[in-house]
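**Student:** Before I ask anything, let me first share the structure, which is written out below as structure tokens.
Bear in mind these aren't lab numbers, they're just calculated from the coordinates by the rules spelled out. No experiment lies behind these values; they were computed from the predicted model shown. As a convention, Cβ positions derive from the backbone with ideal geometry for all residues, glycine included, and neighbour counts pool all protein chains shown.
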Amino acid sequence: MRSPRCRAHLPLVLPPDFKKAFEMKNFRKYRYLLLLPMFVAAMCSSSCKKWLDVRPQDGLIKQDYWQTKEQLDAAVMGCYGSLLAGSTIPLSKYLFIWGELRGDMVAARFEPDTEEGEAALGVQLRDELSMIRSDIAATNTFTNWEAVYKTINYCNTVIKFAPDVLQTDKTLTQQQLNAYLAEVRGLRGLMYFYLLRVFKEVPLKLDPTATDKDITALAKSTEAQVYAQVISDLKYAAENALPVYQTIAEDKGRVNQYTAYAALADAYLWMDDYANCIAACNKVIQSNKYFIFPAGTYQDDWYRNVFFNGNSVEGIFEFQFDAQKQNPFYNMFNSEFMARDWVVQGGLYGIDLVNNTKDIRGNGTSMSEATGSILKYLGKTNTTSDTHWFVYRYADVLLMKAEALAWLQPGNVANGTEAVAIVNQLRTNRSALNVVMDKVIEQPDPSLSDKVAAFVFDERGRELAFEGKRWFDILRNAKRNNYANEKMLLDIVSASAPPSKQQTVINKYKDHRSHYLPIYYYELQTNKSLVQNSFYN
């Protein structure tokens, strides 16, 4: 995987007083004080035209580096730093685009009326428009998985060398080592889980690319093989990670036991393993660490706590952007993306013109009805844009449990009733309206699993709008039971296409291989063991 540009290796410069750095209580401060030089060096290391060219700086891989617990801690923090950076495009932007653009809630702000206008757009804007239109080629910028494999490689590096520290630093215990390994294995499992949902089959690399001799032309592993590794990594994290960290920022920004259980629940849901999904959800629920804001919470209070400030009681795992490392969202949502008309016009949350009541998740929180702007990540200026990226929130876990209950024993009334109750409690807490676009939101028959699942799906749309979940929800619900709900997916993708291309898009998506992205052309050129996803040959 190529580096953005070829440069000589940079020296690894770390603060001389590790102990002082790591006694700092503010996670945001010490993370950058200690890790940014290391991470910048790692990002700038190069070995051009090599597959998976994601080597950390040599200082991270030489034996004389892995000597102390503080150095190990620094390396683990470097893995988290990679989440905020990515490659030439921030990882969080990839995650938004992969999870939203092929869905039905996001439109382009810049869609031109003519071919000449489209040709005048920059490459990234054209590629974003192609994603929205489901006209995706292997040259599309957003088929590049480099940013994800960078994080995977940092994690692989820690996993390989961290055990060496036990021999040189007697203050490091086996339990502490296991906890560090749990964090990076949790991150690695999460990254491979994203790749599975986007590409289906990907190379499974578990050793670090540390030197030229480590660069191997790997073929794709099967979907089942990658899922097995995801489950293995996340189970290890759930069993060995700390349940809580000393600061709120660490607790929401690092992998703890319940981050791992949330990701496990998600993976099990995709695998149709509903019993294990529910069990993982229950681990999070029964921890009593996370809560939904109560009914009657003012919209401004909810928005400020959950999104504007972040790290709320509803947050489980969030990318910790801050003043030193800002997010890409201000520019993304002011100049690139907006909410679709049907969302803005009340089709998602409803509009109560009589009593002026509203779903606190709707206008003014998720988006603006007046401008179509996506607001969840805004609220600040382009120079203070530090809203987090939300990987898992507590409501997500509750709704995953409800979806799993719907299908655990199809037709089981008790399970269906519990699933509906979970959704209704969340709706009560959010002041959700019962009439949307003159249509009453009816309570589903708990004995009809498909109706209960549709009820959950609709609520996930309202709760998790623009959080990188929508396309994944559509695909998971469509493909269940051998694509029994294919029509739902076809209706959504055709509505997003220009009228002249709707039938073409429908025909394309009837081929289920098209539901996954092509492998980026550069990977095929530099790794002859890779074979393009068959739909795109």
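**Student:** Using amide H atoms built 1.01 Å from N in the peptide plane, name the residues 5+ places from residue 200, or on other chains, whose amide H lies under 5 Å from its own.
**Tutor:** Distant-sequence amide H within range of residue 200: zero hits.
**Student:** Count the DSSP beta bridges whose two residues both fall in the chain, then state the antiparallel fraction as a percent rounded to the nearest 5. Let's see the in-between values first.
**Tutor:** Details: 10 of 11 bridges.
Of the beta bridges lying entirely in the chain, close to 90 percent run antiparallel.
**Student:** Considering only the other residues whose Cβ falls under 14 Å of the Cβ of residue 426, what net charge follows from Lys and Arg at +1 and Asp and Glu at -1?
**Tutor:** On the way: positive: 361, 393, 401, 427, 430, 460, 462; negative: 314, 359, 396, 403, 418, 458, 459, 463.
Result for the local shell: -1.
**Student:** Here's a follow-up. Non-local amide H neighbours of residue 436 (under 5 Å, H modeled in plane, Pro and chain starts lacking H): which ones?
**Tutor:** 441
**Student:** Evaluated at 20 °C with a viscosity of 1.002 mPa s, what Stokes-Einstein diffusion coefficient in µm²/s does region 242-465 have when Rh comes from the Kirkwood expression over alpha-carbon pairs? Let's see the in-between values first.
**Tutor:** Working: Rh = 18.3 Å.
So the translational diffusion coefficient is about 117 µm²/s.
**Student:** Please report, ordered by residue number, every helix of the chain (full DSSP H runs) that is 18 Å or longer along its axis going by C-alpha atoms and whose mean Kyte-Doolittle hydropathy reaches -1.0.
**Tutor:** Numbers: long enough: 27-44 (24 Å, 0.99); 69-85 (24 Å, 0.48); 146-161 (22 Å, 0.14); 174-199 (36 Å, 0.25); 223-240 (26 Å, -0.24); 257-270 (20 Å, 0.29); 394-408 (21 Å, 1.03); 413-429 (24 Å, 0.15); 449-463 (21 Å, -0.70); 470-483 (20 Å, -1.48).
Span-like helices here: 27-44, 69-85, 146-161, 174-199, 223-240, 257-270, 394-408, 413-429, 449-463.
**Student:** Taking the chain, how much of its Cα-Cα pair set, in percent, is spaced more than 37 angstrom apart?
**Tutor:** On the way: 40371 of 143916 pairs.
Roughly 28 percent, once rounded to a whole number.
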